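For reference, the structure discussed in these notes is given below.
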Amino acid sequence: MHLGKSAELSTNETIRTAPSHFGFRQEVSVLEVVAVIDFETTGLSPAQGDRATEIAAVILADGQVVDRYQSLMNAGVRIPAFIEGLTGISNQMIRSAPPAAEVMREVFEFVGKTPLIAHNASFDSKFWDAELARIELCRPQEFACSLLLSRRLLPQAPSHKLGALVEFAGLPAAGRAHRALADAEMAANLMLHLADELRRRYQVEEISHNLLCKLQRTPKAKLEACLAQHLATCQDS
DNA sequence: TGCCAGGCCCTCTTTAGGGCCTT
């Protein structure tokens, strides 16, 4: 473990730091404590034999990143050349990384039962579940998805890729794209921006992970009705 | 040799097809 490392890692270092060094803080936080995760992998599908090569998790609380975890991991599989070029994670880097089982146990403990968020969570949840299953662990919490939420709350964005949304929203870049910690930091900042959109446009004062999960399952056309119902329920209780 | 995922969402739709998004 190393404290206070930069997000731009080129080796197999594992980091865990607090709080944020990237200087982004949402002025008014209405979002409950959540963990934003991002995987780098050898491909798109664990069902086809693809494995994780890197994991990052950042804890969001009070409008800022308060804790972070990142590590490369060695799953004993070869990284295709295309993926090496995409992520910058090479087979040489993976050879000296800690075993995948060890890293997954650490990050599972780091996240605990904190509600999870990822950009295109259907992808990260598949790898999260598959890597945990290999060490006989199960995920206790649900994933919310910043991609699904941004399609509902930022329909005017030209693209809903993570990098494009960060640029569209005027959020800071956190480092090299397609590295786990940088992408997790950017997804975290995007999530804070989406929470602020909910507060500013719909006067939602407290945003729970449950509400995010409900909104991401709500068709666009019914989003406002869903939020109106949520606000009415909050006023009654 | 050829092919290779899967969920979401829109539309020229719903008994379907194709683009987007993740690596």
Query raised in the report: Which of the residues spanning the range A:156-167 are within 17 Å of A:Ala184 (Cα to Cα), more than 8 Å from DNA strand B (Cβ to nearest atom) and in contact with a helix residue (DSSP H, G or I) (Cβ under 9 Å, 6 or more places away or on another chain)?
Result: A:Val166
Query raised in the report: Quick check: anything in the range A:77-86 surrounded by fewer than 14 Cβ atoms within 10 Å (Cβ to Cβ), touching a strand residue (DSSP E or B) at 6+ places or on another chain (Cβ under 9 Å) and either at pLDDT 95 or above or charged (D, E, K, R) (or both)?
Result: no
Report task. Go through the range A:152-175 and count every residue that is in contact (Cβ under 8 Å) with a residue 40 or more places away in the chain and surrounded by fewer than 24 Cβ atoms within 10 Å (Cβ to Cβ). Result -> 8
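Conditions (1) more than 18 Å from A:Gln64 (Cβ to Cβ); (2) in contact with a strand residue (DSSP E or B) (Cβ under 7 Å, 6 or more places away or on another chain); (3) of a type outside the set (S, T, N, Q), marked per residue:
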{"position": "A:Arg176", "(1), (2), (3)": "yes, no, yes"}
{"position": "A:Leu181", "(1), (2), (3)": "no, yes, yes"}
{"position": "A:Glu185", "(1), (2), (3)": "no, yes, yes"}
{"position": "A:His193", "(1), (2), (3)": "no, no, yes"}
{"position": "A:Ser208", "(1), (2), (3)": "yes, no, no"}
{"position": "A:Leu223", "(1), (2), (3)": "yes, no, yes"}
Query raised in the report: Quick one: how many residues across the range A:176-213 are in a loop (DSSP other than H, G, I, E, B), within 17 Å of the chain's Cα centre (by Cα) and surrounded by fewer than 17 Cβ atoms within 10 Å (Cβ to Cβ)?
Result: 3
Query raised in the report: Quick check: anything in the range A:115-135 at pLDDT 95 or above, away from DNA strand B (no atom under 16 Å from the Cβ) and open to solvent by 50 Å² or more (accessible area, probe 1.4 Å)?
Result: yes
Report task. Consider A:Ala144 carefully, then state whether it is farther than 25 Å from A:Ile83 by Cβ, within 13 Å of DNA strand B (Cβ to nearest atom) and modelled with pLDDT of 95 or more. Result -> yes
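The values are calculated or read from the model by the stated rules, or taken from the named source; none is laboratory data. Just so it is clear, the model here is predicted, and its values are computed rather than measured. Note that we place each Cβ from the backbone using ideal geometry, even for glycine, and neighbour counts take in every protein chain shown. Side chains included, ligands, DNA and RNA excluded: accessible areas come from the protein's heavy atoms. Shrake-Rupley method; radii C 1.70, N 1.55, O 1.52, S 1.80 Å.
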